[in-house]
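Just below is one structure, and these are the notes that go with it.
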Amino acid sequence: MRWLILFALFLGISHGADVVRVVTWNLEWYPGKKPGATQAERDAHVVEVSAVLPQFRADVIVLQEVRNAETAEQLARLLPGFSVHVTSRFKDSFNGSIGEQQIAILSRFPADGAWAESWKRGWANAPRGYAYAKLMISEKPLHVYGLHLKSNLGNPVENTSKREDAMEQLIDHVKSQAKPKESVVVVGDFNTSKEQLNLAGDRTLKKIEEAGFFWAFEGIPIEHRVTIPGKGRYPDACLDHIYVRDLGRPAAMVLKDTPGSDHFPVVVDLVVEGMPAPNK
Amino acid sequence: MKTTILLIAAVITCLGQCLAADTPMGISLVDGSKLKGRVMSSTEVEVTLMTDFGLVRLPLDKLSSESRQAITAGSKPDSEALLRRISELEAKVSQLQQENEALRRQVVSTPAPTYRPSTGSNSLTPSSPQTSSPGASHVISSTGKRHNSGCRYFGSGRPCGPTDGIACKVCGG
């Protein structure tokens, strides 16, 4: 109890503010952990994720690599009061059919609007797109964006370009969608990091920061923010990020060693100021 | 005097342990509350702590003067010079990244050059008069005039660069 009181003090919670816990998690081809997984593999993955998801005590969950709307709905049923506001239906760039790596936004808050949109062709033809929900928290909007930017498989020059192109489009969308001073949170698997030398030329993260967003991992050493542990020739990396605008300087945390995916979930507690009461 | 020395020694020992050895340190706030956590990082205005209940970012002005001193003292040596150097390097990296991006934009948005077979003596097919290729944007005529793809004289001639020959007066070349 004492800790809770202290925590509330530190966050500077005043009357009318809500603490909203946002979690982002890349679920690794959920369910099944790979394309073309067997039913047994899918079931095992569902059991793993179902066991941990309610433990996050989240208010908003943004998932990447969910297969379709049905699987997202199944997960929402594990969380009392939750509903799926949007599950994307991005097309696969190879065969044009609906892909198996979609983005879903789940929340216990109502949404004033929610949709997903593929990236425009732009200058680099980025894959997939963004999922968006305008949540209403104590009558105040919280704009939530879920991303899953281009992976690092294939040509590095093209991959970086696709991520940057997507980020430019996202920033334009934020400008048109969220009024100044309205809170915005952009989360997901950005597939880029600030540490890896091979990604040094990647300006994706720089672009969102230049647009006025705060990186919730600011000041946290890399060993405390590894979101995808190293495997083979790939080193430990921080590819999943949380960016906020008009939400102060929150600190995001990796839920290390969480079973269920090759990525770890990232969580952040946001203080969303409510609308002032009319008689104050 | 002895007590002061002991106190300073204790603070230094505590600092050394807390900041370097990654052990939790006790932090007092101006309102009298106490908190225990590991310092993840600190700046001129805030400290990021790993506490039992998660990561917390605290403005330094909420800390008691002793705690503030303990935290800021740990990051003092040469910090001015280091910060200056970091700023210089960041500016350099930023400049390189921008150049890199500009180059990437050129590479990604320029279509890959199409294969053009050689028309030399090794050609297996009989040579024919060269005309503009479907992908070319400029051609040069036998009179040395350059035409762009919108020009009525574009149809004949061989492909050329946008600055080759003399610009056609009709299309501007």
#### Entry: Relative packing of B:25-36, B:44-55, which averages over residues the other C-beta atoms within 10 Å, highest first
B:44-55, B:25-36
### Task
Output the relative contact order of segment A:191-261, whole-number percent, from Cα pairs under 8 angstrom with separation of 6+ residues.
34 percent
### Query
For A:PHE217, what is the net charge nearby, where nearby means another residue's Cβ is under 15 Å from its Cβ and Lys, Arg count +1, Asp, Glu -1?
-3
### Query
If you count, for each residue, the other Cβ atoms within 10 Å and average over each peptide, how do A:143-154, B:96-107 line up from highest to lowest?
A:143-154, B:96-107
### Summary
Note: A:196-203 gets an average of partner chain Cβ contacts (10 Å, Cβ to Cβ) equal to 3
#### Entry: Dipole of segment A:28-184 [Lys/Arg +1, Asp/Glu -1 at C-beta], most positive-end residue of A:ALA69, A:ASN155, A:SER118
A:SER118
### Query
What distance in nm separates the simple spin-label points at A:LYS194 and B:ASP61, each placed 7 Å from Cα in the Cβ direction?
2.4 nm
### Query
So how far apart, in nm, are the two label points at A:GLU209 and B:SER142 if each is 7 Å from Cα heading toward Cβ?
6.3 nm
### segment B:39-71 versus segment A:57-115: alpha-carbon centroid distance in Å
37 Å
### Largest-first ordering by accessible area, 1.4 Å probe, given options A:TRP29, A:TRP115, A:TRP123, A:TRP215
A:TRP115, A:TRP29, A:TRP123, A:TRP215
### Query
At a Förster radius of 25 Å, what calculated FRET efficiency corresponds to the Cβ-Cβ distance of B:THR43 and A:GLU117, to the nearest 0.05?
0.10
### trypsin sites (Lys or Arg not before Pro) restricted to segment A:181-227 and DSSP loop, no more than 15 other C-beta within 10 Å
A:LYS181, A:LYS194
### Query
What's the average, rounded to a whole number, of partner chain beta-carbon atoms within 10 Å of each residue's beta-carbon in B:96-104?
4
### Task
With r as the distance between the Cβ atoms of A:ASP236 and B:LYS92 and R0 = 30 Å, compute the FRET efficiency 1/(1 + (r/R0)^6) and round to 0.05.
0.70
### Message
5 Å is the cut-off here: which amide hydrogens, built 1.01 Å from N in the peptide plane, fall below it relative to A:GLY129, excluding neighbours closer than 5 in sequence?
### Response
A:TRP119, A:HIS148
### GNM flexibility winner over chain A from A:ALA37, A:ALA72, A:ALA252 (Cα, springs under 10 Å)
A:ALA37
### Task
Ignoring ligands, DNA and RNA and using a 1.4 Å probe, state the total buried accessible area between B and A in Å², rounded to the nearest 100.
2600 Å²
### Query
Once every DSSP H run of n ≥ 4 in chain A is given -39500 (n - 2.57) and the sum is divided by its residues, what mean residue ellipticity at 222 nm do you get, rounded to the nearest 500 deg cm²/dmol?
-6500 deg cm²/dmol
### Query
Can you give the accessible area per residue of segment A:13-61, in Å², using a 1.4 Å probe?
45 Å²
### Query
Out of A:ALA200, A:PHE213, A:SER183, whose Cα points farthest toward the positive end of the dipole of segment A:133-280 (charges: +1 Lys, Arg; -1 Asp, Glu; placed on Cβ)?
A:SER183
### Query
For peptide A:103-111, how many partner chain Cβ atoms fall within 10 Å of a residue's Cβ, on average?
0
### Message
Quick test of the membrane-span-like rule: which DSSP H helices of chain A reach at least 30 Å along their long axis (C-alpha atoms) with mean Kyte hydropathy at least -1.0?
### Response
none
## Note on the structure
Computed D for segment A:144-236, Stokes-Einstein, Kirkwood radius over alpha-carbon pairs, 10 °C, 1.306 mPa s, to the nearest µm² per second, is 110 µm²/s
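The values are calculated or read from the model by the stated rules, or taken from the named source; none is laboratory data. Treat the numbers as computed from the prediction; the structure is a model and nothing was measured. Cβ: placed from backbone, ideal geometry, glycine included. Neighbour counts: every protein chain shown. Calculation scope for accessible area: heavy atoms of the full protein, side chains included, ligands and nucleic acids excluded. Shrake-Rupley method; radii C 1.70, N 1.55, O 1.52, S 1.80 Å.
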